[in-house]
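Q: Okay, here's the structure, questions in a sec.
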Amino acid sequence: MGSDRLFEQALEVGRPPTVRKLFPHSKALLVSGKVVNRALARKGQAITMAANGRNYFIIQGALLAAQRANAALIVEIAKSESNYCPVNFWNIARLVDSACNSLGVTIPVAVHADHYGLKSEKDIDSARIEIPSIFDAGITSIAVDASHMPDDLNLLANLELNQYIPGWAGLETEVGEIKGNQGLSTVDDAGFLIAGLNAHDIFPDWIALNNGSAHGIEASGEGIQVELTAQIHEHLTPYKVSGAQHGTSGNSSAKLRQIASGTNTTKANVATALQMVSWGVEVNDYGNALTDGDGNFRKVKGEGVTEDTWQRMVSYAQDRGWNGGNYKNLNLPVDNWLMAQPREVRERMVKRVEEFTYSMLVDVFNASDTAPLAMELLIQAGSHDIGAEAARIEDPSDWTREKIISRAQTLEVDKGPEGDFDD
């Protein structure tokens, strides 16, 4: 079947009802995260990028790269990022849909609400209202992140909120708050979360672990622990859940290839690196922004933003005491500055993201040619809802609220230090 015909058939059946209602005349193939995960798993030893679209240039560049690579893609924004970026849960789908249509993008794209964080049980009430609203706004996949809470409350929060997530949607859950090399996830706590969900007929597409990754700029040199990840994924094999890798910035291409080839990971979040690349900051193979002898980021002349705009950004950050990873706070206040630059500057920002993302998709993640696999899944199902691949293997009577609380007390886990580890 020709690629054009494949796309048209997938477009006919593959867009979820919320997306169809929101964009009735669109030619953008926005799909459930479930579809993207299954396509990468079908190829095997393949991961796609979940590009954190902190600005519109990142969204455009990532989409163009995926189109070139013929790869299924995820574009996402985290709950915390919605506080300091012009892109948020309620406009990201509109931006992705618009970019797909204007750029002629014909690969399947999931729009993911990453790290929908719950810090305590008090957050559940607002989540009951907020989660339906983000799906109304075109989100097609969500990460329910209650990893800040004890294991029993994490599981109970996931159980409580699942009723507000459409059954067709992609679902990610998380165990072990992302804290670098502290508070690492274990087979014990990951198995507890997934088994408890399984008992209630909830089958996540992804589980995110604290496997040594860190949000922002990772400078420790340790990074992702591949053997730990593989061990946990192996234990979870009966539940048919894939891995979501957070904090890829700061890990070498060689390390990320090991994740692709040696674990069941199909989704890798990239945030800080794409932000820096779009601005024109020099990054190394680890995705870390490079600095000069004074600790200042090294801007590549003639790439990314104009030199005048960069100096304004640096001054703005210095006036507020922002440095290192805190440069992320620039995203919202400088967005108008970036959009007001000459067309050729805006285009080179997009192109820089495209080249970086293309290299990651093709040379590191092995994601090329996964777009047709995703489209075939939709056509075979004849629907936007391809259903769950897993089945219930746990006895619900073993996973009542009382038994969940009791079981959690027997887990051998180390949650690590307290603190703010949000992206």
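Rule-based calculations on the coordinates, nothing more; no lab input. Just so we're clear, the structure is a prediction, and the values are computed from it rather than from any experiment. Glycine gets a Cβ as well: all are built from the backbone with ideal geometry, and neighbour counts include every protein chain shown.
Q: Could you tell me the convex hull volume per residue, in Å³, taken over the Cα atoms of segment 1-154? Intermediate values should be presented prior to the final figure.
A: Values: hull volume 18.8 nm³, N = 154.
Expressed per residue, the convex hull around the Cα atoms of segment 1-154 is 122 Å³.
Q: Hey, can you rank 87-95, 273-281 by average C-beta count inside 10 Å, highest first? Could you put the intermediate results ahead of the total?
A: Working: 87-95: 21.0, 273-281: 25.4.
So the peptides 87-95, 273-281, ranked by packing, come out 273-281, 87-95.
Q: OK, next. Just to check I understand the Karplus step: with θ = phi - 60° and J = 6.51 cos²θ - 1.76 cosθ + 1.60, what whole-Hz values come out for segment 155-170, glycine and proline as x?
A: 4, 5, 5, 4, 5, 5, 8, 4, 5, 9, 9, x, x, 7, 6, x
Q: Right, next: If I build a Gaussian network model for the chain, linking alpha-carbon pairs within less than 10 angstrom, which residue out of SER80, SER383, SER406 has the largest mean-square fluctuation?
A: SER406
Q: List the longest stretch of the chain that has no exposed loop site; here a site is one of the GluC sites (Glu not before Pro) assigned by DSSP to anything other than H, G, I, E or B, with at most 10 other Cβ within 10 Å. Working shown, then result.
A: Details: sites that count: GLU412, GLU418.
Counting only loop sites that pass the neighbour cut-off, the longest clear stretch is 1-411.
Q: Taking 8 Å as the Cα distance limit and 6 or more residues as the minimum spacing, I'd like the relative contact order of segment 282-423 as a percentage.
A: Working: 51 pairs, mean separation 20.3, N = 142.
Relative CO of segment 282-423 lands at 14 percent.
Q: Okay, moving on. Per residue of the chain, what 222 nm ellipticity follows from adding -39500 (n - 2.57) for every DSSP H run with n ≥ 4, rounded to the nearest 500?
A: One gets -12500 deg cm²/dmol as the mean residue ellipticity at 222 nm.
Q: A further question follows. Among TRP399, HIS384, SER126, which residue has its Cα furthest toward the positive end of the charge dipole of the chain, with +1 on Lys/Arg Cβ and -1 on Asp/Glu Cβ?
A: HIS384
Q: Now for a different question. Could you give me the ³J(HN,Hα) list for segment 264-274, computed from phi with Karplus coefficients 6.51, -1.76, 1.60 and θ = phi - 60°, whole Hz, x at Gly and Pro?
A: 9, 6, 10, 9, 10, 6, 10, 10, 4, 4, 5
Q: If you take the charge dipole of the chain about its Cα centre, with +1 on Lys and Arg Cβ and -1 on Asp and Glu Cβ, which of LEU29, ILE207, GLY243 is farthest toward its positive end?
A: Value computed over the given set: LEU29.
Q: Further question on the same structure: Among ALA41, ILE77, SER98, which residue has its Cα positioned farthest towards the positive end of the charge dipole of segment 25-104, with +1 placed on the Cβ of Lys and Arg, -1 on the Cβ of Asp and Glu, and the dipole taken about the Cα centre?
A: Looking along the dipole axis, the top candidate is ALA41.
Q: Let me ask something else about it. Check which residues have an amide H placed less than 5 Å from ALA50's amide H, if you skip close sequence neighbours.
A: ALA268, ASN269, VAL270
Q: Stokes-Einstein D for the chain at 25 °C, 0.890 mPa s, Kirkwood Rh over Cα pairs, in µm²/s? Please report the intermediate quantities before stating the final value.
A: On the way: Rh = 21.4 Å.
My calculation gives 115 µm²/s for D.
Q: Sorted by mean Cβ packing within 10 Å, highest first, what order do the peptides 320-327, 198-205 take?
A: Values: 320-327: 14.4, 198-205: 21.2.
Order by mean packing, descending: 198-205, 320-327.
Q: Expressed as a rounded percentage, what relative contact order does the chain have, with Cα pairs under 8 Å and six or more residues apart?
A: On the way: 890 pairs, mean separation 103.0, N = 423.
Contact order relative to length: 24 percent.
Q: In whole Hz and in residue order, list the ³J(HN,Hα) couplings for segment 335-346 that follow from phi through the Karplus curve 6.51 cos²θ - 1.76 cosθ + 1.60, θ = phi - 60°; x for Gly and Pro.
A: Working through the residues one at a time gives 4, 5, 4, 5, 5, 8, 6, x, 4, 5, 6, 4 Hz.
Q: In what sequence do ARG298, ARG348, ARG68 fall when counting other Cβ within 10 Å, fewest first?
A: On the way: ARG298 13, ARG348 20, ARG68 16.
Sorted ascending by nearby Cβ count, the order is ARG298, ARG68, ARG348.
Q: Can you give the relative contact order of segment 43-159 as a percent, counting alpha carbon pairs under 8 Å and 6+ residues apart?
A: Values: 180 pairs, mean separation 27.9, N = 117.
So the answer I get is 24 percent.
Q: Under a point-charge model restricted to the Cβ atoms of Lys and Arg (+1) and Asp and Glu (-1), what is the dipole moment magnitude of the chain relative to its Cα centre, in debye to the nearest 20?
A: Working: 37 positive and 55 negative charges, 266 e Å.
Using only the charged Cβ atoms, the result is roughly 1280 debye.
Q: Viscosity 1.002 mPa s, temperature 20 °C: what is the translational diffusion coefficient of segment 88-210 from Stokes-Einstein with a Kirkwood Rh over Cα pairs, rounded to a whole number of µm²/s? The partial results should precede the final answer.
A: On the way: Rh = 15.2 Å.
Taking Rh from Cα pairs, D becomes 141 µm²/s.
Q: What is the Cα centroid distance between segment 323-349 and segment 270-293, reported in whole angstrom?
A: 14 Å
Q: Which value, in debye to the nearest 20, gives the size of the charge dipole of segment 69-171 about its Cα centre, when Lys and Arg are +1 and Asp and Glu are -1 at the Cβ? Please list the in-between numbers first.
A: Numbers: 5 positive and 13 negative charges, 63 e Å.
In debye, rounded to 20, segment 69-171 gives about 300.
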